[in-house]
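I have placed the structure first, in the form of structure tokens, so that the comments after it can refer back to it.
The values are calculated or read from the model by the stated rules, or taken from the named source; none is laboratory data. None of these values were measured; they are calculated from a predicted model. Here the Cβ is made from the backbone with ideal geometry for all residues, glycine too, and neighbour counts use every protein chain on show. The protein model used for the area step is the full one, side chains on, heavy atoms only, and it has no ligands, DNA or RNA in it. Shrake-Rupley method; radii C 1.70, N 1.55, O 1.52, S 1.80 Å.
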Amino acid sequence: MEGIVEINRQTVVQKMKSYRRSPLSLLLYLLVTLSAFLTVLTLLFLIIYILVKGIPYLTPELFAWEYNSENVSLTPALVNTIMMTALALVVAVPLGIFAAIYLVEYAKRGNKLVSVVRVTAETLSGIPSIVYGLFGFLFFAVKLKWSYTIMGGALTLAIMILPSIMRTTEEALKAVPDSYREGSFGLGAGRLRTVFQIVLPSAVPGILAGVILAIGRIVGETAALMYTAGTVAGIPSSLFGSGRTLAIHMYVLTNEGLHTNQSYATAVVLLVVVICINAISGFIARQVEKR
């Protein structure tokens, strides 16, 4: 124990000497530490604030199956959120992963098409969500005459998260060591088998990180869905019916000004949903890494 304390003391002394020789390093260290502290403090404040304001209003009526002006139930919005998330991921994840596989594993180095695709993906990632909403409204609701539908909203969200999933997957594939590929080729495996049995499983944690970010953007989206999915407070009978998600439900309640407390309770449920999704995704990533 005394040896460990002595080692720690020597480490601190060495750091202090280094900082004395370079005051700028000490300044940067303090700035980084302060930034980390403020970030964590802000996150804790938001979580505690939402929990304190919302938990007292988590009543059984809030989880009724049907919405009305008395219970302002969030259950239909929760079901719509799950459907919207699942549909968007089913469309965007395979397309994003396959596009990234082509760019990393099959496209020739220095290919101009690859450069154009990457620049386009980065540009699309920075477009405001309301622009996607206007596009979804003009194309799905007006051009295809779907009006406000869950399907139109899900496809709009899929287009919105596709660039980020593709870029995240591309970086995850690049992070896989080339020795994995060389070893697989040396054992006689083809490129397709190498990609799907060696490279892709190794990149799963990075891919899941991109999917988690995409899910967070989906469940928190409002602007794009107000133009495409609508704000009907009910569970649609089909995918071509209108419905609101939890984020829109919370926005509508707050905007009306009549059920502000229930909107805080909805925020608590939305927070729990995001945490559960992140926990499940992290568990899956750990299980894949163990294998």
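Data overview
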| read-out | value |
| --- | --- |
| Cα gyration tensor category, rounded, prolate or oblate, for the range 236-291 with a/c compared to 1.5 | oblate |
| Highest average packing first - 269-277, 183-191, Cβ atoms within 10 Å | 269-277, 183-191 |
| Proportion of all alpha-carbon pairs of the range 81-237 beyond 24 Å (%) | 41 percent |
| R0 of 25 Å, Cβ-Cβ distance ARG109-PHE196: FRET efficiency to nearest 0.05 | 0.70 |
| Global form of the range 12-136, assessed from the alpha-carbon gyration tensor, a/c cut-off 1.5 | oblate |
| Prolate/oblate/rounded call for the range 43-98, Cα gyration tensor, a/c under 1.5 rounded | oblate |
| Dimensionless Rg ratio for the chain, taking C-alpha atoms and the 2.2 N^0.38 Å reference | 1.27 |
| Assigned charges on the beta-carbon of Lys, Arg, Asp, Glu; the chain dipole about Cα centre (debye) | 1140 debye |
| Accessible carbon and sulfur surface of the chain relative to its total accessible area, %, 1.4 Å | 68 percent |
| Net dipole in debye of the range 87-157 [+1 Lys, Arg Cβ; -1 Asp, Glu Cβ; about Cα centre; nearest 20] | 220 debye |
| Leading residue at positive end of dipole, the range 146-266 (Cβ point charges), from PRO177, LEU253, ALA265 | PRO177 |
| Per residue value of the accessible surface for the range 53-163 (all protein chains in place, 1.4 Å probe), Å² | 54 Å² |
